[in-house]
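**Q** Submitted below is the structure of interest, expressed as structure tokens.
Every read-out reported here was derived from the displayed coordinates using simple, explicitly stated rules and does not represent laboratory data. Predicted model, so just to flag it, every value in this text is computed and none were measured. Cβ sites come from the backbone with ideal geometry, for glycine too, and all protein chains shown count toward neighbours.
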């Protein structure tokens, strides 16, 4: 990146160097023309002679050798103490006679998870590193999100917060978002349903599995929380009859189902609360359009800016 006060951009450096090297300008004349020091003109001209156009880009300011850097043996001891004893930088630094800031830099360089990201009992990371399964269908995350309905005429975003509070007494009720997200591709399927009973959850998964099958995805495992609908015999039999392994999260550990939890938040931010809908029917009618945009067009940070459909061969060309 060019410094904000740099007199020359890479293009300007190239023009200066060509004037000196290719056209034979004196260094002083080139320096006056481009309003830089003679030493600057000499430096870029010499780089151009040696490396050509590519040498006009900025070089890293990182030193080739750092004699004051912490020894590898000591770095390994820092990491070992962190892993075995789960101490913070201050305590490790006091024990080894090193500044806590140095310990922190070492732990950061080795990408050691923060203590808040470790399970206290086992020391294992619970959310420090992003994981994903190797292929679509290896694991599908399923969850339910409760959502308040919008009364006719709009809620507090349309009428104002005070009136919106009064209108809540009209008893418009709640809906339940049943969501399924593929672990590898982040391809999502969602429906707005009236409840979270076992019959509703079973019917939803039947349609969700058909959706994934139409995309060429064969689901082998499903991960849910410990809700009553997911502990029912109906749910168990449905998955067993389709040769799907059912996995459940640990109690009070929503991080385990983090991908669908993150999808829930995106769904609320970018669809449910994205604009002031006048009616609940308007919001529900907008869901298929948003879901198509999410699957086929919206860039996902975990996929390096590509949409989920880019990881599903049968969907990659259906993004119109």
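**Q** Rounded to two decimals, what ratio of Rg to Rh does the range 33-109 give with C-alpha atoms and a Kirkwood Rh? Provide the component values of the computation, followed by the final result.
**A** Details: Rg = 21.2 Å, Rh = 16.0 Å.
Here the Rg-to-Rh quotient is 1.33.
**Q** Can I ask one more? For the chain, with a Gaussian network of springs between Cα atoms less than 10 Å apart, report the residue from 77, 18, 304 with the top mean-square fluctuation.
**A** Among 77, 18, 304, the largest GNM mean-square fluctuation belongs to 18.
**Q** Compute the helix-to-body angle for 100-109: its Cα long axis versus the longest principal axis of the chain, expressed 0 to 90° and rounded to tens.
**A** So the inclination is approximately 70 degrees.
**Q** Does the range 10-56 come out rounded, prolate or oblate, given a ≥ b ≥ c as the square roots of the eigenvalues of its C-alpha gyration tensor, rounded meaning a/c under 1.5 and, failing that, prolate meaning a/b above b/c?
**A** Numbers: a/c = 1.69, a/b = 1.48, b/c = 1.15.
Prolate, since a/c reaches 1.5 and a/b exceeds b/c.
**Q** In addition: Give the label of the value calculated from the structure for Kirkwood radius over Cα pairs in Å, choosing from [x] 20.4; [y] 21.1; [z] 25.3.
**A** [z]
**Q** Among 276, 26, 63, which one shows the highest mean-square fluctuation when the chain is modelled as a Gaussian network with alpha-carbon springs under 10 Å?
**A** Among 276, 26, 63, the largest GNM mean-square fluctuation belongs to 26.
**Q** While we're here: If each DSSP helix of 4+ residues adds -39,500 (n - 2.57) and the sum is divided by the residues in the chain, what number results at 222 nm, nearest 500 deg cm²/dmol?
**A** -12000 deg cm²/dmol, from helical runs alone.
**Q** Next question, about the same structure. Given a cut-off of under 8 Å on Cα pairs at least six residues apart, what relative contact order in percent is computed for the range 140-311?
**A** 26
**Q** How high is the FRET efficiency from residue 255 to residue 53, r the C-beta distance, R0 45 Å, rounded to 0.05?
**A** 0.35
**Q** Ok, one more. Report the paramagnetic label zone for residue 111: residues of the range 280-307 whose backbone N is under 17 Å from a point 7 Å from Cα along the Cα-to-Cβ axis.
**A** Under cut-off, by backbone N: 302-304.
**Q** Does the range 209-273 classify as rounded, prolate or oblate by the C-alpha gyration tensor (a ≥ b ≥ c root eigenvalues; a/c under 1.5 gives rounded; else a/b over b/c gives prolate, otherwise oblate)?
**A** oblate
**Q** Taking R0 as 41 Å, what FRET efficiency do you get between residue 172 and residue 61 from their Cβ-Cβ distance, rounded to the nearest 0.05?
**A** It comes out at approximately 0.10.
**Q** Multiply the residue gap between residue 21 and residue 278 by 0.36 nm, knock off their C-alpha separation, and tell me the result in nm, one decimal place.
**A** Additional length available on full extension: 85.6 nm.
**Q** Also, I was wondering about something else. Relative contact order, percent, of the chain when contacts are C-alpha pairs under 8 Å separated by at least 6 residues? Each step should come with its number before you reach the end.
**A** On the way: 400 pairs, mean separation 41.7, N = 320.
Relative contact order here is 13 percent.
**Q** Neighbouring Cβ atoms within 10 Å as the yardstick, rank 81, 56 fewest first.
**A** Lowest count first: 81, 56.
**Q** Further, regarding this structure: Based only on other Cβ atoms within 10 Å, what is the fewest-to-most ordering of 98, 144?
**A** Ascending Cβ contact count within 10 Å gives the list 98, 144.
**Q** Another one. Mind running the shape call on the range 1-152? Use the C-alpha gyration tensor, a ≥ b ≥ c as the square roots of the eigenvalues: rounded below 1.5 for a/c, prolate if a/b tops b/c, oblate otherwise.
**A** Verdict is oblate for the range 1-152.
**Q** Moving on to the next point. Distance from the Cα centre of the range 235-282 to that of the range 194-231, in angstrom?
**A** 10
**Q** Calculate how steeply helix 72-85 sits against the longest principal axis of the alpha-carbon atoms of the chain, using the helix alpha-carbon long axis, and give the answer as 0 to 90 degrees to the nearest 10.
**A** Rounded to the nearest ten degrees, it is 20.
**Q** Could you check the simple spin-label distance between residue 302 and residue 122, using points 7 Å along Cα→Cβ, in nm with one decimal?
**A** 1.9
**Q** Sticking with this one: Compute the helix-to-body angle for 258-267: its Cα long axis versus the longest principal axis of the chain, expressed 0 to 90° and rounded to tens.
**A** 90
**Q** In a Gaussian network model over the chain where Cα atoms closer than 10 Å are linked, find which of 230, 110, 65 has the largest mean-square fluctuation.
**A** 65
**Q** What list do you get for 143, 195, 182 if you sort them by fewest beta carbons within 10 Å?
**A** In order of increasing Cβ crowding within 10 Å: 195, 143, 182.
**Q** Under a point spin-label approximation (7 Å from Cα along Cα-to-Cβ), what is the residue 269-residue 135 distance to one decimal in nm?
**A** That separation, rounded to one decimal, is 3.3 nm.
**Q** From the P(r) of the range 140-311, could you give the percentage of C-alpha pairs in the tail past 23 Å? Each step should come with its number before you reach the end.
**A** Details: 6379 of 14706 pairs.
Roughly 43 percent, rounded to a whole number.
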